[in-house]
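Participant: Okay, handing you the structure first.
The values are calculated or read from the model by the stated rules, or taken from the named source; none is laboratory data. Source: prediction; values computed, not measured. When we count neighbours, we look across all protein chains shown, and the Cβ atoms used for this are built from the backbone with ideal geometry, even at glycine. For the accessible areas, the whole protein counts, side chains as well, though only heavy atoms, and no ligand, DNA or RNA atoms are used. Shrake-Rupley method; radii C 1.70, N 1.55, O 1.52, S 1.80 Å.
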Amino acid sequence: MRSVCVFCGSSPGGDPRFGAAADDLGRLLAEQGLTLVYGGGHVGLMGRVADAVLAAGGEAHGVITAALRDREVAHDGLTRLDVVATMHERKARMSDLADGFLMLPGGFGTLDEFFEAVTWTQLGIQAKPCAVLDVDGFFTPLVAFIEAATDSRFIHPEHRDMVVTGDDPRQLLDRMAAWQPPPAGKWLDRSDR
């Protein structure tokens, strides 16, 4: 794993622990020589992660739409910034650039981006680890939903295992690096349902 796409809020959130987690993750990515791929903004947790990566001597590669850039939310100090036309292009470009995906706290956009990456992995479009950094229990209800959907047989257990969760960023990155996709025949196998 050489690059990690981080999905997170364009807002700082209401708890200073979210920003501290973004800072810690950014420093850790740089320390491990992992390039940050993200949405290209300078605001919220997005900006915090990028700033921490850059301050620690790492590389930060942003992908932003022209409309968002024109609203002056683009980070102007990145290693590289790609400007694309649509949100669909933005997500596809980030996916192409990343070897794995990690979600920090955020809202609808964060969830949309993360679960599209999970779905593409489930469908076999890509084979990349998808991880959730559970900052102070923020994602506990989401993880409970995933477990309930698995118990209710809407998510295959092997697909549930595609989402790596944890509260320690170093351990989470280690688990992402060691992650292996299910055997090809199991991606869409419904024979045991």
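Participant: Just to be sure I understand, how many residues within the stretch 92-132 are free of Cβ contacts under 8 Å to residues at least 24 places away in the same chain and more than 10 Å from the chain's Cα centre (by Cα)?
Facilitator: Number of matching residues: 6.
Participant: Can you tell me how many residues in the stretch 47-63 are in a helix (DSSP H, G or I), in contact with a helix residue (DSSP H, G or I) (Cβ under 8 Å, 6 or more places away or on another chain) and either open to solvent by less than 40 Å² (accessible area, probe 1.4 Å) or within 17 Å of Met94 (Cα to Cα) (or both)?
Facilitator: 4
Participant: Hey, among the residues in the stretch 34-43 that are without any contact (Cβ under 8 Å) to a residue 40 or more places away in the chain and open to solvent by less than 20 Å² (accessible area, probe 1.4 Å), which one's nearest to Val84 (Cα to Cα)?
Facilitator: Gly41
Participant: For the stretch 89-96, state whether one or more residues are at pLDDT 95 or above, under 23 Å from Ala177 (Cα atoms) and of a type in the set (S, T, N, Q).
Facilitator: Within the stretch 89-96 (the criterion being at pLDDT 95 or above, under 23 Å from Ala177 (Cα atoms) and of a type in the set (S, T, N, Q)), the answer is yes, since at least one residue qualifies.
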